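Just below is one structure, and these are the notes that go with it.
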Amino acid sequence: MSKSNKANQSEEGPGRRERLLTEASRIFAIKGFDKASTREIAQAAGANIGLIAYYFGDKLGLYREVMMRPVADVIARIPEADASVPLREWLESFYGAFLQPLQLDEEALASLLRLCGREMIEPSAVYQEICAKYIAPRHTELVQMLALRCGAQEIDTELHQLAFGLVALAQDYWMSADHMEAMVPGMVRSPGAYERVLGRLVGYGEALIEHERALRQAAAKASAANLDPQTSRKVRKT
């Protein structure tokens, strides 16, 4: 084992990796990937700069881990896309997972919001990699389940739109948390706010899915009526 590796391991200490991730999240959020330095991150974490290479490989590996950590936390909490589970029960678990960031402390949430804001404006290769590898498969599972719940015979654009809409409801509550709190104090950061938001989103989610199901049922009935010769004759007579 090299001297540098021995030095790195001897300075490892409990929680050192977590502190590196916390400080990296804060500094990347403020300065962006290009302007943030590994030396600054290590100093802020009270760690030897060699520990970044030891834990993450390099600066890009550290950034990838910073971006992946909140995604992995949400994905781990998302319930399996099972159409046999009662809808309200499933939505409570689904939105509970997506609202988890609201329970972060204010500094951690602020860093996450800045990072996400940067990625929305200029998506990095890291974010695109995370989307393709981790987010896209869960989206596909969600759409397939929605097809079953809405009685769709095949996947179409509208089902994708419904899936994005369900997720967007929750994402906006933590992406816009500061804005909401400034306009309506206590909206997302008061005792019981999390439970209130969760309850509302479950109801909104039910309404969106029911609306899509109703639209498809109406379209199916109209199509059947047009194909029914007796119905067609009645329409012509009137």
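The values are calculated or read from the model by the stated rules, or taken from the named source; none is laboratory data. Please read all numbers here as calculations on a predicted model, not as lab measurements. Methodologically, a virtual Cβ is constructed for each residue, glycine included, from the backbone with ideal geometry; neighbour enumeration extends over all protein chains shown. We work out accessible area using only protein heavy atoms, side chains counted, and drop any ligands, DNA or RNA first. Shrake-Rupley method; radii C 1.70, N 1.55, O 1.52, S 1.80 Å.
Given R₀ = 22 Å, FRET efficiency for residue 131-residue 156 by Cβ-Cβ distance, to 0.05?
Numbers: r = 21 Å, r/R0 = 0.97.
Here the calculated transfer efficiency is 0.55.
Hey, what number do you get for the chain at 222 nm if only DSSP H runs of n ≥ 4 count, each worth -39500 (n - 2.57), divided across all residues, to the nearest 500?
Numbers: 13 runs with 181 residues, N = 238.
Theoretical 222 nm ellipticity from helices: -24500 deg cm²/dmol.
Please determine, in degrees from 0 to 90 and to the nearest 10, the orientation of helix 16-35 with respect to the longest principal axis defined by the Cα atoms of the chain, where the helix direction is its Cα long axis.
That works out to roughly 80 degrees.
Please state the relative contact order of the range 1-148 as a whole percent: Cα pairs under 8 Å, 6+ residues apart? Can you show the working numbers first?
Numbers: 99 pairs, mean separation 38.9, N = 148.
It rounds to 26 percent for the range 1-148.
How big is the C-alpha Rg of the range 52-137 next to the rule-of-thumb value 2.2 N^0.38 Å, as a ratio?
Working: Rg = 15.0 Å, N = 86, 2.2 N^0.38 = 12.0 Å.
Relative to the 2.2 N^0.38 Å estimate, the range 52-137 comes out at 1.26.
Kindly provide the trypsin sites (Lys or Arg not before Pro) of the range 147-232 that DSSP labels as loop, not H, G, I, E or B, and whose Cβ sees at most 15 other Cβ atoms within 10 Å. Walk me through the intermediate numbers first.
Values: sites: 149, 189, 196, 200, 213, 216, 221; in loops: 189.
Sparse-neighbourhood loop trypsin sites (Lys or Arg not before Pro): 189.
Quick one: angle between helix 193-227 and the longest Cα principal axis of the chain, in degrees between 0 and 90, rounded to 10, please.
That works out to roughly 40 degrees.
Could you tell me the calculated FRET efficiency between residue 206 and residue 40, based on Cβ-Cβ distance and R0 = 41 angstrom, to the nearest 0.05? Intermediate values should be presented prior to the final figure.
On the way: r = 47 Å, r/R0 = 1.15.
Efficiency, from the Cβ-Cβ distance: 0.30.
Consider all pairwise Cα distances in the chain and report the whole-number % of them above 23 Å. Numbers along the way, then the final one.
Working: 17102 of 28203 pairs.
When every Cα pair of the chain is considered, 61 percent fall beyond 23 Å.
Just the accessible area per residue of the chain, please: how many Å² with a 1.4 Å probe? Numbers along the way, then the final one.
Values: 13880 Å² over 238 residues.
Using a 1.4 Å probe on heavy atoms only, each residue of the chain averages 58 Å².
For the chain, what number of Lys pairs, 8 or more residues apart or on separate chains, have alpha-carbon atoms under 27 Å from each other?
Lysine pairs satisfying the spacing and distance rule in the chain number 9.
Given points 7 Å out from each Cα along the Cα-Cβ axis, report the residue 164 to residue 58 separation in nanometres with one decimal.
In this crude spin-label approximation the distance works out to 3.4 nm.
Where in the range 28-44 does the label zone of residue 122 land, with the point 7 angstrom along Cα→C-beta and an amide N cut-off under 18 Å?
28-38
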